[in-house]
Amino acid sequence: MNRHERHTALLDLLAERHRLEVEAVAAELGVSVATVRRDLDHLGEQQLLTRTRGGAVAHSVSYELPLRYRAVRHASEKERIARAAAALVDRGMVIGLNGGTTTTEVARTLATRGDLTGDATDPAFTIVTNALNIAHELAVRPHIKIVTTGGVAMPQSYELVGPLARHLLDEVHLNLVFLGVDAVDATTGATAHDEREAQVNALLAARARHVVVVADHSKLGTRAFTRICPPETIDTLITGTEAEGLTAPFSAHRTTVTHA
């Protein structure tokens, strides 16, 4: 049983029993007590359960859906980018997020920031997204208000596109938007492979006071099919330390570059 399978099994058992004891669960799953303790500690850090002496109890989230971790390229770099991005968010903000592996990591990091607390009647912040997977993951978090666009779902990115998505975005204002991109350079700006996704992402950028592009080093200095926004509209670029030699041209557009 690998780590992902153990996490899913633990959450399933917790949904059924509401309380787990480390030694009993270890025997049931056929793993060591130390392994179960580490797994419960990790799930506790993700605010998916509450650790107790000798076990865990159910937290105020839904366990109907198993925990998913998607292996991605440059995973460590994207985690660092996500931490730097999440640090820009203050309580009460309205945040835009498009689809993608990096923005998904940003959403997960935001969801587990211990200083941003709240409940359904007084959420810590609001997320407006056209990404089904992000809305799906965060909908179980009572301290986050989730607003999704309408539209047609794209099978590769889980993004909602089309006139219905644009209709809602015409009516909202965002404090900042985190944009995941397929490519970004200092001449063309942020670009995407699909023109339908680029259109909605461009509107997210247009509705935000502050535009933050989150991109690992492999995206820098490259161009994709269609533009999301020009370089002069990108207020902040957050990338990994791996990209230090590629970011100098962005300074010409007064883009703040953060190396995570």
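Would you check which residues across the range 171-189 are closer than 16 Å to ALA206 by Cβ and touching a Lys or Arg at 6+ places or on another chain (Cβ under 8 Å) and list them?
First pass over the range 171-189, keeping only residues closer than 16 Å to ALA206 by Cβ: 171-179, 181, 189.
Within the range 171-189, VAL172, HIS173, LEU174, ASN175, LEU176, VAL177, VAL181, GLY189 meet the criteria.
Any idea how many residues of the range 208-240 are assigned to a helix (DSSP H, G or I) and open to solvent by 40 Å² or more (accessible area, probe 1.4 Å)? Spell out how you get there, then give the answer.
Applying the first criterion (assigned to a helix (DSSP H, G or I)) to the range 208-240 yields 217-219, 231-233.
Among the residues that remain, those that are also open to solvent by 40 Å² or more (accessible area, probe 1.4 Å) are: 217-219, 232-233.
Number satisfying all stated conditions: 5.
How many of the residues in the range 184-203 are under 20 Å from the mean Cα position of the chain (by Cα) and closer than 15 Å to ALA131 by Cβ?
Final tally of qualifying residues: 6.
What are the pairs with Cβ atoms under 9 angstrom where one residue, in the range 237-255, is free of Cβ contacts under 8 Å to residues at least 60 places away in the same chain and the other, located anywhere, is part of a loop (DSSP other than H, G, I, E, B) and surrounded by fewer than 17 Cβ atoms within 10 Å (Cβ to Cβ)? Sequence gap at least six, or different chains.
Here the result reads ALA243/GLY221; LEU246/GLY221, each pair linking the range 237-255 to a residue that is part of a loop (DSSP other than H, G, I, E, B) and surrounded by fewer than 17 Cβ atoms within 10 Å (Cβ to Cβ).
Just to be sure, is VAL31 touching a helix residue (DSSP H, G or I) at 6+ places or on another chain (Cβ under 9 Å), modelled with pLDDT of 90 or more and assigned to a helix (DSSP H, G or I)?
When the stated conditions are applied, VAL31 does not pass them.
Look at the range 61-96 and say how many of its residues are open to solvent by 20 Å² or more (accessible area, probe 1.4 Å), part of a loop (DSSP other than H, G, I, E, B) and modelled with pLDDT of 95 or more.
Count: 6.
Residue pairs, Cβ under 9 Å, 6 or more apart or interchain, first in the range 1-24 and in a helix (DSSP H, G or I), second aromatic (Phe, Trp, Tyr) and modelled with pLDDT under 85. List them.
Once the first residue is in a helix (DSSP H, G or I) and sits in the range 1-24, its partners that are aromatic (Phe, Trp, Tyr) and modelled with pLDDT under 85 give ARG3/TYR69; HIS4/TYR69; HIS7/TYR69; LEU11/TYR63; ASP12/TYR63; LEU14/TYR63; ALA15/TYR63; GLU16/TYR63.
Regarding ALA58, is this residue small (Gly, Ala, Ser) and modelled with pLDDT of 90 or more?
Details: small (Gly, Ala, Ser): yes; modelled with pLDDT of 90 or more: no.
Considered against the rule, which asks whether it is small (Gly, Ala, Ser) and modelled with pLDDT of 90 or more, ALA58 comes out as no.
Identify, please: which residue in the range 126-164 is among the charged types (D, E, K, R) and touching a Ser or Thr at 6+ places or on another chain (Cβ under 8 Å) and is, among those, nearest to ASP90 (Cα to Cα)?
Taking the range 126-164 and keeping what is among the charged types (D, E, K, R), we get 137, 141, 145, 159.
In the following step, the residues that additionally are touching a Ser or Thr at 6+ places or on another chain (Cβ under 8 Å) were identified as 137, 145.
On the way: GLU137: 21, LYS145: 14 Å.
Among those that are among the charged types (D, E, K, R) and touching a Ser or Thr at 6+ places or on another chain (Cβ under 8 Å), it is LYS145.
Does the range 237-256 contain at least one residue that is among the charged types (D, E, K, R) and at positive phi? Break it down into steps so the answer makes sense when it comes.
The first filter runs over the range 237-256 and keeps only residues among the charged types (D, E, K, R), leaving 242, 244, 254.
Imposing the further condition that a residue be at positive phi reduces the set to 254.
Within the range 237-256 (the criterion being among the charged types (D, E, K, R) and at positive phi), the answer is yes, since at least one residue qualifies.
Matching residues to (1) touching a strand residue (DSSP E or B) at 6+ places or on another chain (Cβ under 7 Å); (2) within 20 Å of PRO155 (Cα to Cα); (3) touching a residue at least 40 places away in the same chain (Cβ under 8 Å):
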{"position": "LEU110", "(1), (2), (3)": "no, no, no"}
{"position": "ALA124", "(1), (2), (3)": "yes, no, no"}
{"position": "ILE127", "(1), (2), (3)": "yes, no, no"}
{"position": "HIS136", "(1), (2), (3)": "no, yes, yes"}
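The values are calculated or read from the model by the stated rules, or taken from the named source; none is laboratory data. All values derive from a computational prediction rather than experimental measurement. We place every Cβ from the backbone using ideal geometry, glycine too, and count neighbours over all the protein chains shown. The accessibility values were calculated without ligands, DNA or RNA, using every heavy atom of the protein model including side chains. Shrake-Rupley method; radii C 1.70, N 1.55, O 1.52, S 1.80 Å.
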